[in-house]
1. So what is the accessible area of region A:179-240 per residue, in Å², with the probe set to 1.4 Å?
2. How large is the convex hull of the Cα atoms of chain B per residue, expressed in Å³ as a whole number?
3. Taking every pair of distinct Cα atoms and averaging 1/r, then inverting, what Kirkwood hydrodynamic radius in Å comes out for region A:187-291?
4. State the antiparallel share, in %, of DSSP beta bridges confined to the protein assembly as shown, rounding to the nearest 5.
5. So what's region B:37-85 giving for Rg/Rh, alpha carbon basis, Kirkwood Rh from the mean inverse pair distance?
6. Work out, step by step, the length gained on full extension between A:Lys84 and A:Val377: first 0.36 nm times the residue separation, then minus their alpha carbon distance; give nm to one decimal.
7. Largest first and to the nearest Å, give the Cα extent of region B:187-307 along each principal axis.
8. Binning every alpha carbon pair distance of region A:117-192 at 10 Å from zero, what are the percents per bin?
Amino acid sequence: MKKTALALAAAAALLASPSHGDDKVKIGFVTTLTTPAGVIGRDMVDAVNLAMQDIGGKMGGLEVELIIEDDGFKPETGKQKTDKLVKQDDVHFVSGFIWSHVLLASRKSALDGGKFLISSNAGPSQIAGKLCHENFFSTSWQNDQTPMAMGEVLNQQGVKSLYVMAPNYAAGKNMVAGVERTFKGEILGKDMTKWGKDAQLDFSAELAKAKASGADGIFVFYPGKAGGAFIKQYQQAGLQGEIALYTVFTVDSIALPNLQKAGMSGVLGSLNTQFWGPDLDTPQNKQFVSGFKKAYGRYPSFYAAQSYDTIFLIKSAVEAVGGNLDDMDGMRAAMAKADFPSVRGPFRYGNNHFPIQNFYLRKVVEDADGVWTTTVVDTVLKDHQDVYATDCKM
Amino acid sequence: MDAGLVAAQLLNGLQLGVLLFLLASGLTLIFGIMDFVNLAHGSLYMVGAYFCAELTDATGSFLLAVALALPATALVGAAVELLVVRRLYRRDHLDHVLATFGLILCFDALVQILWGPEGMAIRLPAWADGQQHLPGGLVFPTYRLLIIGAGLAVAAGLYVLVVKTKLGMRIRAGASNPAMAGALGIDIGLLFTLVFALGAVMAGLAGMMIAPITEASIGMGNEIIITAFVVVIVGGIGSIRGAFVAALLIGTIDTMGRSFLDMGLKLLMSAQAAETSAPALSAMLIYILMASVLAFRPQGLFPPKSR
């Protein structure tokens, strides 16, 4: 009895002891692994693992430990997992985050815990503006930027009237605000649909409204699975040719394989905007895309590209301080320089630590192997900075 | 408001209603006859969708896949009843909820292991993938019309089964008073397995019909099952007729709310306020209906007789 108690006490002491000396770089990565959105998380985790392989598992001579957590597509779970990474695992970097509402719920836990917070996808306006923080960095974009680029494309294409659809959450609102900011024509209708773990996937009523509105084009933002579902229903309703399709974060290498399998050829030739594309001609992107295709047998998505960049950004910070992980100031200064090989090519950080970067027009095409993918056709915005940076006092 | 749009939305509402009916009819039978709360009914919906997707790949024919997936789903349903559910009838509802919630997790994990997280698309045959021109200049997706047709046919078949056949008589007897039905010599154990498998088939069929629209995906049944429970409660627990009427009612209300609520609200408030409140309010409409039914007619709209 006494022995058991002793053993228990020893075990408890072991658990309570600080979980790291500074001999390892610990990176927490919060993403979605369950629910249908788990397919996005898989792409991100695959990219992070590939990046770890490509850097030989080391940064500045230190071993790297990766701790991956599942937010279950829920802000409250994301926050709990962030708390766990900060308090229990005592990581140096909290990264990942697909969803804006999950990032917004989790940011305080990471930043108040004195950790670096790196968003590999979500870019809510709040964090770019009033809630900006010196220890926050983005390897993606601010939500409004991509739809702002799309708004410009719509003007160039002579689209006079638009129907808008997006999910009803933080990023959905940013996307709509973004396209409204640059699109000069008239917005004839707008639907914000239910989102989250139990997201609405049947858009019959909304598509009937869009059709009845008589708009020239339809702008949609449906990331992950919802994108594929939307495109299918768009085609099944016979809307192609009647109301042209313009998307952001909807038609990507996650949606395309299933669309191709379902024979949804209506998506071929449709336009979207993005800061990156699998065929973007930079040395790092070539290494990334060919490595990813070799390892996993499919095209990487932009989620994967940003996750790949996340590891290289962190590596640049750790190397700049020679592996002295207590030197937060040194690591921050290094990251602010964006001095790492990015898949998008060279870029710089704004005062709010969001990238100032190009946005491209991409078209859905069939590649040489008959696989549906996107190809960059034009640069829409050059060195573009988000509009919320002026609200950031930093 | 243009009449064509209203007609299109009525059809959309009918299609959603028919789908809800397929789910709710099994749920209401299981709930009504066995007094068993089956949260995992949505998992059978998912299983049906995945079977159909896999078989469509294997056979190259969507219709053949449905024909094969239906008995396969029935077998899964019967297995779940024999292995798990059977042991729970004597326990209280909380245990039912716990156990079937566990089943949901098992099914979701199994599907993830077998088919991966990315979901499965189903390619429709070309004849089902187009649009139909209906009278009045209405253009409507062929496949959604097929769902309506198939759903109504199943509803009619179920009506005949329950009202005109001996098995149906036993099911009705079981729904009214299982103890008395057992005392009269009906093999309640077998009846329960059959009803559970029947419910599974209908849930599976609903999954097969929605999958070409939204893809088969993990956890796809977990949301719609909540709506199906609302249908069961509004219609009256154990009542197929109630489930039918309530499903069509709720399908229509939900679709109409999503279509026209923002327009209506814009008459009362600013456009921006209407845009943000309309989605929230339209998601609440069916629960408002359920709450009113519970307040004024707690037994549901069409409760089975002698309950």
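The values are calculated or read from the model by the stated rules, or taken from the named source; none is laboratory data. Model, not experiment: these values are computed from the prediction. No Cβ is skipped: glycine too gets one built from the backbone with ideal geometry, and neighbour counts run over all protein chains shown. SASA here: full protein model, heavy atoms, side chains in, ligands and nucleic acids out. Shrake-Rupley method; radii C 1.70, N 1.55, O 1.52, S 1.80 Å.
1. Roughly 27 Å² per residue, with all protein chains present.
2. 150
3. 14.9
4. 35
5. That ratio equals 1.05.
6. That works out to 101.1 nm of additional length.
7. Computed over the Cα atoms, the extents are 62, 39, 18 Å.
8. 19, 45, 26, 9, 0
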